[in-house]
Amino acid sequence: MTVPNWFTNALETRNPLCATWREKSMADDKDVLRDVWFGRIPTSFTLYQDEITEREAEPFYLLLPRVSYLTLVTDKVKKHFLKVMKTEDVEEIWFEYEGTPLKWHYPIGLLFDLHASNTSLPWSITVHFKNFPERDLLHCPSNYVIEAHFMSSIKEADALKHKSQVINDMQKKDHKQLWMGLQNDKFDQFWAMNRKLMEYPTEEGGFRYIPFRIYLTMSDRPFIQKLFRPISPDGHTHTLGDLLKEMYPMAIANDDEPRRYQVVIHGIEPLLETPLQWLSEHLSHPDNFLHISVIPAPTD
């Protein structure tokens, strides 16, 4: 199968968020939100070599949205490979990268940052229809399961930010608008409602607590998540560096030693001096959590 032109062009396009980040003080906040929302990862899907097919299965190419979930945006991938398979050989679809099953309930951008940050594009994902890894992955029989997970995360985040006051004041149709905005990749539809979840009283200077998760590729622990305020008791604005010093100080190298780790959010390495409140408002995923990857620094 010939690689499509639109896919090749995407490989050659730099992540617009990188430029936006370096000039964030001059950028309009909504531009940052848009760059985060429309971030894409060029991906090549190939069928696992041991799957039984009636004819050769060609790769399938897709630009994956960083802020969505694998099982939500891969219907076309599934249909593509089902064309060459018999019904009796098809069980639940799941995805793997270099031997690691990919958790569908993690945002796509987080999966890439954790497992493939320093590899060349396209991201090469293997598709399976058999031998579901029960110990590694949750089952995802329908989009309702994704919606339930997504809304549960938003409610947890708002409990941290506003004691659940904002999400509880919303009507059921408002909750649905958040989900439909994500499901249909509608930035304006989503943010018309999500902006309410990002507001706070000016005199408080930020959220009650920052919803965050720190993921470590070199740990059996799924992630680090604790209570952390954006402002210290004496009025100091907490930064990304402050959070890391508290939660995982090894992520920050001393001046006299080589850097061991990269701290990645949405494919970039933010400055450690960046205020945590700003990061939470602008670089959180649609689930309202700030997903932070701590990965080994490249050695070459």
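The values are calculated or read from the model by the stated rules, or taken from the named source; none is laboratory data. What you see is a predicted model, and the numbers here were worked out from it, not measured in a lab. Note that each Cβ is placed from the backbone with ideal geometry, even for glycine, and that neighbours are counted across all protein chains shown. Remember, those area values only see protein heavy atoms, side chains included, never the ligands or the DNA or RNA. Shrake-Rupley method; radii C 1.70, N 1.55, O 1.52, S 1.80 Å.
If the condition is being over 16 Å from the mean Cα position of the chain (by Cα), over 30 Å from Asp89 (Cα atoms) and open to solvent by less than 50 Å² (accessible area, probe 1.4 Å), then segment 132-164 contributes Asp158, Ala159, Leu160, Lys161, His162, Ser164. Taking segment 210-229 as the range and being closer than 16 Å to Ile292 by Cα, at pLDDT 90 or above and not polar (S, T, N, Q) as the test, the residues that pass are Ile210, Pro211, Phe212, Arg213, Ile214, Tyr215, Leu216, Phe223, Ile224, Lys226, Leu227, Phe228. Only a single item in (1) of a type outside the set (A, V, I, L, M, F, W, C); (2) in a loop (DSSP other than H, G, I, E, B); (3) closer than 16 Å to Trp37 by Cα is not met by Arg221, and it is number (3). Annotation: Gln189 fulfils all but one of (1) over 30 Å from Arg135 (Cβ atoms); (2) open to solvent by 60 Å² or more (accessible area, probe 1.4 Å); (3) under 17 Å from the mean Cα position of the chain (by Cα); the unmet one is (3).
Residue pairs whose Cβ atoms lie under 7 Å apart, separated by 6 or more positions or on different chains, with the first residue in segment 259-274 and free of Cβ contacts under 8 Å to residues at least 12 places away in the same chain and the second surrounded by 15 or more Cβ atoms within 10 Å (Cβ to Cβ), are Glu269/Gln262; Glu269/Val263. Out of the residues in segment 53-103 that are in a loop (DSSP other than H, G, I, E, B) and of a type in the set (Ser, Thr, Tyr), which is farthest from the chain's Cα centre (by Cα)? It comes out as Thr53.
Residue count for segment 243-289 satisfying the condition of being of a type outside the set (Val, Ile, Thr) and assigned to a loop (DSSP other than H, G, I, E, B): 23.
Which residue, of Arg208, Arg213, is at negative phi, among the charged types (D, E, K, R) and open to solvent by 70 Å² or more (accessible area, probe 1.4 Å)?
On the way: Arg213 fails: open to solvent by 70 Å² or more (accessible area, probe 1.4 Å).
From the options Arg208, Arg213, the qualifying one is Arg208.
Among residues of segment 32-52 being among the aliphatic types (A, V, I, L, M) and part of a strand (DSSP E or B), the one that is modelled with the highest pLDDT is Ile41.
Yes/no per residue for (1) within 18 Å of Ser117 (Cβ to Cβ); (2) open to solvent by 20 Å² or more (accessible area, probe 1.4 Å); (3) outside the structural domain of Asn168 (by TED's automatic domain parsing):
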{"residue": "Glu204", "(1), (2), (3)": "no, yes, yes"}
{"residue": "Gln225", "(1), (2), (3)": "no, yes, yes"}
{"residue": "Pro233", "(1), (2), (3)": "no, yes, yes"}
{"residue": "Glu246", "(1), (2), (3)": "no, yes, yes"}
{"residue": "Ala251", "(1), (2), (3)": "yes, no, yes"}
{"residue": "Tyr261", "(1), (2), (3)": "yes, yes, yes"}
{"residue": "Gly267", "(1), (2), (3)": "yes, yes, yes"}
{"residue": "Glu273", "(1), (2), (3)": "no, yes, yes"}
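Name the single residue, out of those in segment 120-129 being open to solvent by 30 Å² or more (accessible area, probe 1.4 Å) and touching a strand residue (DSSP E or B) at 6+ places or on another chain (Cβ under 9 Å), that is farthest from Thr46 (Cα to Cα). If you could, list the steps in order and put the result at the bottom.
Quick first cut of segment 120-129, residues open to solvent by 30 Å² or more (accessible area, probe 1.4 Å) only: 120-122, 124.
Next, only the ones that are touching a strand residue (DSSP E or B) at 6+ places or on another chain (Cβ under 9 Å) stay: 121-122, 124.
Numbers: Leu121: 14, Pro122: 12, Ser124: 7 Å.
Per the stated criteria, the residue is Leu121.
Yes or no: Leu197 exposed (fewer than 12 other Cβ atoms within 10 Å of the Cβ) and among the aliphatic types (A, V, I, L, M)? No: the conditions fail for Leu197.
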